[in-house]
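Have a look at the structure below, then the notes.
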Amino acid sequence: MIKTTIPIYLASKSPRRKKLLEQVNLSFKILPVETPEIFRKNERPVDVVRRIALEKLDAAKEIIKEGIIITADTIVVIHGKIIGKPVDKNEAVRMLKQLSGNTHIVYTGFSIHNSVTQKTITDYEKTYVTFRKLNIREIKEYVETGSPLDRAGAYGIQDDYGAVFIKKINGCYYNVVGLPLTKVFQTMLRII
C-alpha cells in the first residue's frame, strides 16, 4: 500500500487511468490538464511518450504547488508509424483497418513528481498487441458506438467491444489500458 500525507493528483482526463489507480486503493484527486500532443518527425516513440508526459507535468505544476503529480501519455505504433487518438469516425475506421491482422506496440510514458522533495521520475512501458483479422462491418459497428474516438489506436482492451479484436498480447496488460500499474506503483514507492 502507498501511504503518504502529501496529496496525490492524477493529471489526466482519462477515466481508465482513474479506474486503474482506484484499483490499487490510491487516494488521489483528478487534475485535468490540456497540452497539445504533438508528434515530431523522426522522434522515437519512447521519446514521444516521455516528452508528452513531462509536458503534462509542467502544465500540472503550474496549478499544483504542493503534492505528488502523476501524468501519462499513450500511443500506438504500427509499422514504425505513430498513431494517437482518431480525430473522427473515418480516421478510427482507417486505424482499425490498419491494425487488423497485425501486431502493433502500445507505449505509455509517465512522470511522477513530488513537490516536497522536488524529485521527478519519468519512465515508460511497451506492450505488443496482435489483432485478429477484422471485417469491415464489425469495425464500422464498433466505431459507431463512439467508444474508439478517445483512445489511442481507436480501440479499448477493457470494458469495451474492442477486447474481442485482440488475439494476444505480450507485455503489461494495464499498459494497453493506459497506465503500466506495476511500474507506476514501484515508482510511487520510490518517490514518496
Notebook entry, point to check: Would you pick out the residues in region 21-51 that are at pLDDT 90 or above and basic (Lys, Arg)?
Noted result: Lys29, Arg44, Arg50, Arg51
Margin query: Can you pull out every residue in region 9-20 that is over 14 Å from Asp159 (Cβ atoms) and either among the basic types (Lys, Arg) or at pLDDT 95 or above (or both)?
Written below: Tyr9, Leu10, Ala11, Lys13
Next item on the list: Name every residue in region 91-105 that is of a type in the set (Gly, Ala, Ser) and in a helix (DSSP H, G or I), in order of residue number.
Entry: Ala92
Note to self: Looking only at region 155-187, filter to residues that are over 17 Å from Val49 (Cα atoms) and touching a helix residue (DSSP H, G or I) at 6+ places or on another chain (Cβ under 7 Å); which one of those is surrounded by the most Cβ atoms within 10 Å (Cβ to Cβ)?
What the structure shows: Tyr155
Next item on the list: Assess whether Ile82 counts as being under 18 Å from the mean Cα position of the chain (by Cα) and touching a residue at least 40 places away in the same chain (Cβ under 8 Å).
Entry: yes
Next item on the list: Please indicate, with yes or no, whether at least one residue in region 81-90 is within 27 Å of Gln186 (Cα to Cα) and part of a strand (DSSP E or B).
Entry: no
Margin query: For region 88-132, which positions are farther than 30 Å from Phe28 by Cβ and surrounded by fewer than 18 Cβ atoms within 10 Å (Cβ to Cβ)?
Written below: Asp88, Lys89, Asn90, Glu91, Arg94, Lys97, Ser100, Gly101, Asn102, Thr103, Thr130, Arg132
Margin query: Criterion first (within 20 Å of Asp150 (Cβ to Cβ) and either touching a residue at least 12 places away in the same chain (Cβ under 8 Å) or in contact with a Ser or Thr (Cβ under 7 Å, 6 or more places away or on another chain) (or both)) does Ile63 satisfy it?
Written below: no
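The values are calculated or read from the model by the stated rules, or taken from the named source; none is laboratory data. Remember, predicted model here, so these are calculated numbers, not experimental data. Counting neighbours? That spans all protein chains shown, and the Cβs are built from the backbone with ideal geometry, glycine included.
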